[in-house]
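Following: one structure in structure tokens, then a few remarks.
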Amino acid sequence: MFYHVADGSCGYTETCDTSCIESPDTDWNEGIFCHSVFNTYGHLQWVNCSWLPYKSSKIPGYKLYLVRSDHDCQVIDIQDTSMILSKNRLYIDEMATIWVAYDISDQLCVKTNNFSIVPQVNCQSPEIQHAVHAENFLIFQLDKIGQARYREITSYQWHLINVTQDMNNVSLPRTLVPETYVLQQRCLNEFCFHCKWEAETIVPHELLGAPDIIVTTGRLSPGKQRLTIRWKYTSDDYVDEYIVTIHRIPDTCGLDISFSTRHNTVHMNLSVSFFDVSVTAFNKASRSMSASVVVPPLATPEFQGKVTATYVNDTIFLTWSPMFVCDFVQISWGTSYSQMQSKIIMDNIEYYSIPGPFESMKRYTIIISLYDLCKCQDSTKETTYGLTYIYTVEGVPRTGPHNVTIKNVTKTSAVIEWEEIPEDDCLGFLLGYRISYADTLGDPRTDIFLNASNQRHYKVEGLLSGHMYEVTVSGVTVAGTGAPSAHQVIQTPRYDKAELQVILIVISIGLIISVIIVVRCCIYTLRRAKIMYYPEIPDPKHSHIGEFNIASGTKTMLMQISPSDEDESSKQLGVEVTPQTESLLGGFSIQETDTGIVQKPSNHGGPSHALRAGDYTNMTSALRVFHRGPETTNYLQHQPIVVQR
């Protein structure tokens, strides 16, 4: 920004125009601010004033009014929004009043509020030296006395503090989730008429705990591996950056890899060796605890050369092929990353001897490394030439495989799975596994040897259905069979799944057939019971005994009478039986005897009028109808009796 110095070069007058009115723009009215500037010795240099531009101004042009204690007035034309007033135009120990005016038109001008200042008084705001939100305390430090205020970033309520000492410790309410606080500061002096709050400062929360770190490795090129480092941190919003450090084990050259990043994932191409990777969160207030993880060499890497190790007379002899290209090589060996030793050889050698003593039944890792420039460099310029393992004395595994499980059990087979034996428990090179199982009834035990150290499952066949077996798995080295695993039980079923399905289907069909038979028997029994106890009553409409004579419009009625009451009934009813009845009764004649009425076959009609059982029944029923009929039978005497067959 361009500044003008009021040292007499700018024109000014001795009268102050007071016709300007206060602007309706409140921000512009209060936008003027002046402060004194001092040198390193505390002597006044000048007063710096600045104000906001008037928002409706098209052509910049302001007038700065300076009124000193003796009421003399200086009016200075300025085209900018700031001005430096030299101390020769001020009384450094007396108050000065300053404001700025802007001409909106020839008849109207607006002005800012008056700003009062004593030039010799230092009214600059203090600076924040340190601020941190640690647990439930707000800790901050100012470079001089003043005022400070703070609030939660999600709140608009400020808390005011008069700062009279360098370090301040403010107690905050306890919260489960750390809050972010905002801090402001300003001057505090009775001769300072205007102390402006400085810009808001975000107070970072103290970083507690450590990030959660995960490192994965992948094969890259011969002698190289790619490390992918990922981490998470619960207070990630308060972190300015993360510091990642990669330390080679052993670090003979002393060249660690360290860098900062704001990301949560890093990829590195390194040699195949032991590495200690650590991640630390950092902000202006604090550093978090470091999270570290040791990365072992790849399980199945590729190398440029082949290294052979033999143990003789308490010495490990190393040979390799092909020969090295440069005269700088590093050889590392040890039983674990914490016990690795290293030796730098600056010569193009063909073999190397590692002197003892050595620990028995412990595996030694031997790594040979080369560098791009044949001198010490960091691990990104390092290539692993070869790697090998050796036991000086082997033993049998001290424990069996972990987590032995039984799966896919049938009536004659089962699948056994297990996890590998930890390296520290092998005590030698693992040649394979021995599976041992036996029937709980006391049958001889069966042993199966698997000549493969990387095979961790096996299907046992030839089992008997419905039997129980106990199974153990042991590791095998050149020294023999190690300790067995925990016993696991195989319970073979009597039937396979398919057989059970067939049995269930047959049983289901049998049940269905049985239900059908029972239902039909019940229906048949109910029908017979109905016939026996509830005979069907004939429908008169369809009866063969009596029917309506539609043609003649007469009604036929039959009455049943008993033979004993035959004569009396006939007399009472007024019915006279004549020989003509024979033709009406279908070839039968009715004769009255001393014992009653007798049916006799008629000679008319020949064989076709022979007596049948059904006719007899119908005849008897007809006679009984007469017996049950009403007393008024005169109507029946004039109507023919029709009996249909």
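The values are calculated or read from the model by the stated rules, or taken from the named source; none is laboratory data. The shown structure was predicted, so the numbers you read here are calculated from the model rather than taken from an experiment. Note that each Cβ is placed from the backbone with ideal geometry, even for glycine, and that neighbours are counted across all protein chains shown. These area figures cover heavy atoms from the full protein model, side chains too; ligands, DNA and RNA do not enter into them. Shrake-Rupley method; radii C 1.70, N 1.55, O 1.52, S 1.80 Å.
What the table below lists for this structure:
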read-out: Signed unit charges on C-beta, dipole axis of region 372-456, positive-most listed residue 418, 376, 444; value: 444
read-out: Integer Hz, Karplus 6.51/-1.76/1.60 couplings in order for region 294-300, x for Gly and Pro; value: 8, 9, x, x, 4, 6, 10
read-out: Charge dipole magnitude, Cβ of K and R +1, D and E -1 - region 425-486, Cα centre, debye nearest 20; value: 200 debye
read-out: Mean Cβ neighbour count within 10 Å, used as a protection proxy, ranking 165-173, 456-464 highest first; value: 456-464, 165-173
read-out: Packing-based ranking, highest mean first, of 37-45, 88-96 given that Cβ atoms within 10 Å are counted; value: 88-96, 37-45
read-out: Selected from 269, 197, 211, residue furthest toward positive end of dipole (region 183-301; charges at beta carbon); value: 269
read-out: Label-zone membership for region 231-271, site residue 289, 7 angstrom Cα→C-beta point, backbone N under 19 Å; value: 231-239, 242-245
read-out: Accessible area of region 185-269 belonging to carbon and sulfur atoms, whole % at 1.4 Å probe; value: 49 percent
read-out: Nonlocal amide H pairs with residue 303, under 5 Å, H built at 1.01 Å; value: 223
read-out: Charge dipole magnitude, Cβ of K and R +1, D and E -1 - region 154-244, Cα centre, debye nearest 20; value: 640 debye
read-out: Listed residue (400, 296, 279) projecting farthest to the positive dipole end of region 263-416, Cβ model; value: 400
read-out: Simple Cβ-charge dipole of region 311-416, Lys/Arg +1 and Asp/Glu -1, about Cα centre, in debye nearest 20; value: 740 debye
